[in-house]
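Take a look at the structure below.
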Amino acid sequence: MLIKGKVWKYGNDVNTDVIFPGKYTYTITETAEMAKVALEDLDPEFAKNVHKGDVIVGGTNFGCGSSREQAASCLVYSGVGAVIAKTFARLYFRNCINFGLPALTSPKAVDALKHGESIEIDTDKGEIRCKAGVFKFPPLPKEVVGIFDAGGLIPYTKKQLGL
């Protein structure tokens, strides 16, 4: 899979309440509405200016906080192509996979990437390409690639079951 876009770079400990503001947890259920409030407390310009394929870059412990699924799904609904971080909170990482959002760990790429620059990710080759060079990440298991290609765990499971 090839992902192309621009970088939206943030710092360490970006928590799920910042990714999808907690005040909307029980009031917003429509996907288009979820996309409109993604990262609004951290970056009010994000939802207005994100484009399909753009990539979120975070530091350590990205997605810490509650296990709220909307923190992964709102980025998918916003068109985000992937999230790259130095480290991820375990539940957030799993929620990204469940929703078909590549969550890639690459500390060197995080250090090199600049906010607003162009980025290209080739998940098949395990490469992140940017102005500073090419950064490798471990190959993704074929099942995880299948989940991404299907658009998330539920569509993947239905496909595997022939539904």
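The values are calculated or read from the model by the stated rules, or taken from the named source; none is laboratory data. Here the structure is a predicted model, which means the values were calculated and not measured. FYI the Cβ positions are ideal-geometry reconstructions off the backbone, even for glycines, and counts take in every protein chain you see.
Overview of results
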{"quantity": "Whichever residue in the stretch 128-151 is assigned to a loop (DSSP other than H, G, I, E, B) and at pLDDT 95 or above and, among such residues, is surrounded by the fewest Cβ atoms within 10 Å (Cβ to Cβ)", "calculated": "Lys131"}
{"quantity": "Any hit, the stretch 8-26, residues being of a type outside the set (D, E, K, R), under 21 Å from Glu120 (Cα atoms), modelled with pLDDT of 95 or more and in contact with a Leu (Cβ under 6 Å, 6 or more places away or on another chain)", "calculated": "no"}
{"quantity": "Some residue of the stretch 100-120 being surrounded by 15 or more Cβ atoms within 10 Å (Cβ to Cβ) and farther than 22 Å from Val14 by Cα", "calculated": "yes"}
{"quantity": "Gly65 being touching a residue at least 24 places away in the same chain (Cβ under 8 Å) and within 14 Å of the chain's Cα centre (by Cα)", "calculated": "no"}
{"quantity": "Residue tally, condition more than 20 Å from Phe135 (Cβ to Cβ) and either among the hydrophobic types (A, V, I, L, M, F, W, C) or touching a Lys or Arg at 6+ places or on another chain (Cβ under 6 Å) (or both), over the stretch 54-75", "calculated": "5"}
{"quantity": "First in the stretch 106-132 and under 16 Å from Lys86 (Cα atoms) and small (Gly, Ala, Ser), second anywhere and at pLDDT below 95 and surrounded by 15 or more Cβ atoms within 10 Å (Cβ to Cβ), Cβ under 9 Å, 6 or more apart", "calculated": "Ser106/Phe137; Ala109/Phe137; Gly126/Phe137; Gly126/Leu140"}
{"quantity": "Condition met for Leu39 (part of a loop (DSSP other than H, G, I, E, B) and either in contact with a Ser or Thr (Cβ under 9 Å, 6 or more places away or on another chain) or modelled with pLDDT of 95 or more (or both))", "calculated": "yes"}
{"quantity": "Cβ-Cβ under 7 Å pairs, at least 6 apart or on other chains, the stretch 74-97 side under 12 Å from Val57 (Cβ atoms), far side part of a loop (DSSP other than H, G, I, E, B) and among the β-branched types (Val, Ile, Thr)", "calculated": "Val80/Val50; Lys86/Thr60"}
